[in-house]
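Read the structure below first, then the notes.
What follows is calculated from the coordinates using simple rules that are stated; it is not laboratory data. Note that the structure is predicted; figures quoted are calculated from it, not measured. Neighbour counts are summed over all protein chains in view; Cβ atoms, including those assigned to glycine, are modelled from backbone coordinates with ideal geometry.
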Amino acid sequence: MFGNKENLHHAYLIEGDRESIFSLVSDYLEKELKFSLKNNPDFWNGDFETFGIDDGRKINELQNKKAF
């Protein structure tokens, strides 16, 4: 799905049916990369009809409040 798992990018934009795409991506993360999505502070999922500047600011604010 994402090519070589040893050489992944830090972000991806994926378009399509939200439920089927999320299922594919979450399976890949959990099975191929052994990356848990449940109770993981390093994972965040958002759903936007359109993504604007205010949405980016909200994500930035969430990131700044995240514990190390």
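Which is the longest run of the chain containing none of the trypsin sites (Lys or Arg not before Pro) found in DSSP loop states (not H, G, I, E, B) with at most 15 other C-beta atoms within 10 Å?
Formally, the longest exposed-site-free interval is 6-33.
Would you mind checking the tilt of helix 18-27 against the longest principal axis of the Cα atoms of the chain, expressed as 0 to 90 degrees and rounded to 10?
60
Can you pull out the GluC sites (Glu not before Pro) in the stretch 3-63 that DSSP calls coil and that have at most 10 other Cβ atoms within 10 Å? Mind showing how you got there, number by number?
Details: sites: Glu6, Glu15, Glu19, Glu30, Glu32, Glu49, Glu61; in loops: Glu6, Glu15, Glu49.
Passing both the DSSP loop test and the Cβ count: Glu6, Glu15, Glu49.
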